[in-house]
Structure formats: C-alpha cells, structure tokens
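Written out below as structure tokens is the structure these notes cover.
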Amino acid sequence: MSTKLFDLSGKVALVTGATHGLGMAMAIGIGHAGATIIINGNSSQEKIDKAVAQLQSEGIKTFGYRFDVTDETAVIKAIAKIEKEVGSIDILVNNAGIIKRTPLAEMEVTDFEQVIKVDLVSPFIVSKAVIQGMMQRKSGKIINICSMMSELGRNTVGAYAAAKGGLKMLTQNMCVEWAPYNVQVNGIGPGYFATEQTQPIRVDGHPFNDFIINRTPAGIWGDPDELQGAAVFLSSKASDFVNGQVLYVDGGILATIGKPSNE
Ligand code: GCO
C-alpha cells in the first residue's frame with residue numbers, strides 16, 4: 001500500500017474553531033500530512049495570529065481568517081476571500097463548537113438555541129458555502145466533528161447532545177446529496193479528551209474525572225494529538241470510498257456498558 005494514500009500535499013484545508021484544543025491538534029496533523037492550513041476563529045485576531053504562528057513554527061503553510069461561522073453573510077464573504085487569496089478549499093473540518101452544561105429543566109431557550117446554532121447550524125452554513133466549489137470541481141472532503149453525545153445522552157448536556165446527534169444525521173444527508181459529486185462527508189466522534197472544554201470536569205478528584213477513567217476501557221483521557229490519524233485518514237485518498245460514517249476515537253467507550261467502579 002502506498003503511503004501516497006495519506007499524502008495531502010497540494011491540498012488546502014479549512015479547520016473552523018482551530019485556535020486551540022481538538023481543532024488545533026487536527027490542523028497540525030493535516031498540515032504535517034502536507035496540506036496548507038487555514039485556521040478559523042471568532043475570538044480575537046490575536047488568538048488567530050498566535051495559532052497561525054504555532055503551525056508555521058512546525059513548518060506548516062498556514063493562514064488565519066477571523067469570521068463568525070454562524071453568520072452566513074460573513075461565511076460566504078470569508079470563503080470567497082480565502083478561495084481568492086489562498087486557493088480552492090479541498091478539505092473542510094467543521095470543528096467549531098460550544099457546550100453549555102445546564103439541566104434541561106432549568107436551561108434558557110436562548111442558551112439552547114445558541115448551542116444548536118453553533119454546533120449544528122454552522123456546519124451547515126460553512127459546508128453550504130464550501131460545497132459550491134467542491135461540486136464544480138467534483139472533489140472534496142468534509143469532516144464534521146461529532147461527539148459521544150451523537151450516540152449517548154448525559155446529564156446537563158441536552159442541547160449539545162441534540163446538536164451533535166443532529167450533526168451525525170446531517171453528515172449522512174450531506175453524504176447522500178454530495179457523494180455524486182465525488183465529495184466524501186464523514187464525522188469524527190471524539191471520546192473524552194484533555195482540552196480546555198473538558199478542563200472543568202477533568203480536575204483531579206472531580207467525580208466526572210473518576211467516572212470517565214472508569215467508563216473508558218483504556219482508562220485514560222485522550223490526548224488531542226490522538227485525533228490526528230482519523231483526521232488525516234478522512235481528509236485523504238485513503239477514505240475515498242468511505243462516506244456518511246462517524247469514526248469514533250474514544251478509547252473504547254462506545255464498546256462497553258461500563259464496569260463496577262470497584263473492579
Ligand atoms: C461533556 C464533555 C463532552 C466531550 C465530548 C465527548 O460535558 O460531557 O464536554 O461533551 O467534550 O463531546 O464526545
């Protein structure tokens with residue numbers, strides 16, 4: 001088997017929400033496989049510039065663009081600017097996402113809607129803008145970052161689970177509509193990784209930290225770099241006949257019902 005299968009040289013990849021965490025880790029992995037990386041963020045230009053500098057220090061050709069992935073007008077403008085200044089987008093990783101941990105019975109509707117808007121509507125908005133060129137070129141890769149919550153519920157993350165469950169089905173529908181244009185649309189479902197987003201529930205002694213260690217057959221939190229293989233695979237020729245799937249990178253969580261805490 002040729003390693004060319006995983007070679008992304010000459011490709012341009014846009015990773016949304018990639019100034020830190022899993023997005024940054026996947027951007028580094030895809031960049032080391034040869035792609036030019038476009039980092040998106042909506043926090044501050046300073047954070048974007050810092051992320052660009054980090055990838056460039058690793059020898060990865062990188063550009064940064066600040067735009068709000070929930071704003072269709074801004075997204076259309078940004079994609080046009082990127083495709084003019086950098087080149088056609090071959091790979092899109094819809095990673096931008098937020099979580100609000102609140103019991104459903106207490107959750108404000110506006111908070112629920114905000115999670116849906118960022119985690120479910122924005123992958124649609126950005127994909128709709130990028131797919132126009134991919135359909136014309138009859139080539140493209142889209143990766144939607146799903147979650148354990150695409151398959152399982154958990155107390156206090158109901159809005160997030162609704163969004164990530166929907167994103168799994170949106171991935172399947174994008175596959176159905178865009179496969180005829182030689183576009184492969186898949187998901188990555190990260191398990192529990194050591195990131196800023198999980199920091200509040202990961203601190204030593206936090207009941208959730210102990211729960212996850214026990215619930216994960218590998219008995220550890222994932223390292224964000226451990227997502228890079230799945231991201232490169234789903235961005236590359238190696239996955240040209242893989243479509244509409246969610247690849248779970250979870251240390252085995254979804255394979256088990258769990259075990260007694262004293263085992
Ligand atoms: C939580 C976590 C999860 C993880 C990830 C699991 O509160 O349960 O934040 O949502 O971040 O999505 O796949």
(message) Residues that are surrounded by 20 or more Cβ atoms within 10 Å (Cβ to Cβ) and hydrophobic (A, V, I, L, M, F, W, C): list the strands (runs of 3 or more DSSP E) wholly contained in the range 1-91 that include at least 2 such residues.
(response) 12-15, 36-41
(request) Take the residues in the range 220-235 that are outside any helix (DSSP H, G or I) and either open to solvent by 30 Å² or more (accessible area, probe 1.4 Å) or in contact with a Cys (Cβ under 6 Å, 6 or more places away or on another chain) (or both), then tell me which one is farthest from I201 (Cα to Cα). (result) D223
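Residue-wise test of (1) within 9 Å of the ligand (Cβ to nearest atom); (2) at pLDDT 95 or above.
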{"position": "T156", "(1), (2)": "yes, yes"}
{"position": "C175", "(1), (2)": "no, yes"}
{"position": "Q199", "(1), (2)": "no, no"}
{"position": "D204", "(1), (2)": "no, no"}
{"position": "F211", "(1), (2)": "no, no"}
{"position": "D225", "(1), (2)": "no, yes"}
{"position": "A255", "(1), (2)": "no, yes"}
(request) Identify the single condition in (1) assigned to a helix (DSSP H, G or I); (2) within 14 Å of the ligand (Cβ to nearest atom) that A238 does not satisfy, given that it satisfies every other one. (result) (2)
(request) For the range 92-113, enumerate the residues that are open to solvent by less than 80 Å² (accessible area, probe 1.4 Å) and more than 16 Å from the ligand (Cβ to nearest atom). (result) L92
(request) With the checklist (1) within 14 Å of the ligand (Cβ to nearest atom); (2) more than 16 Å from the chain's Cα centre (by Cα); (3) among the aromatic types (F, W, Y) in hand, flag the one item Y160 doesn't pass. (result) (2)
(message) Residues to consider are T195, T171; find the one that is of a type outside the set (D, E, K, R), outside any helix (DSSP H, G or I) and buried (at least 18 other Cβ atoms within 10 Å of the Cβ).
(response) T195
(request) Can you confirm whether the range 96-104 contains a residue that is assigned to a helix (DSSP H, G or I), closer than 26 Å to G34 by Cα, in contact with a helix residue (DSSP H, G or I) (Cβ under 6 Å, 6 or more places away or on another chain) and not charged (D, E, K, R)? (result) no
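The values are calculated or read from the model by the stated rules, or taken from the named source; none is laboratory data. What you are looking at is a predicted structure, and each value in this text was computed from that prediction instead of being measured. Neighbour counts run over all protein chains shown; Cβ positions are idealised from the backbone, glycine included. All accessible areas refer to the heavy atoms of the entire protein, side chains included, with ligands and DNA or RNA removed. Shrake-Rupley method; radii C 1.70, N 1.55, O 1.52, S 1.80 Å.
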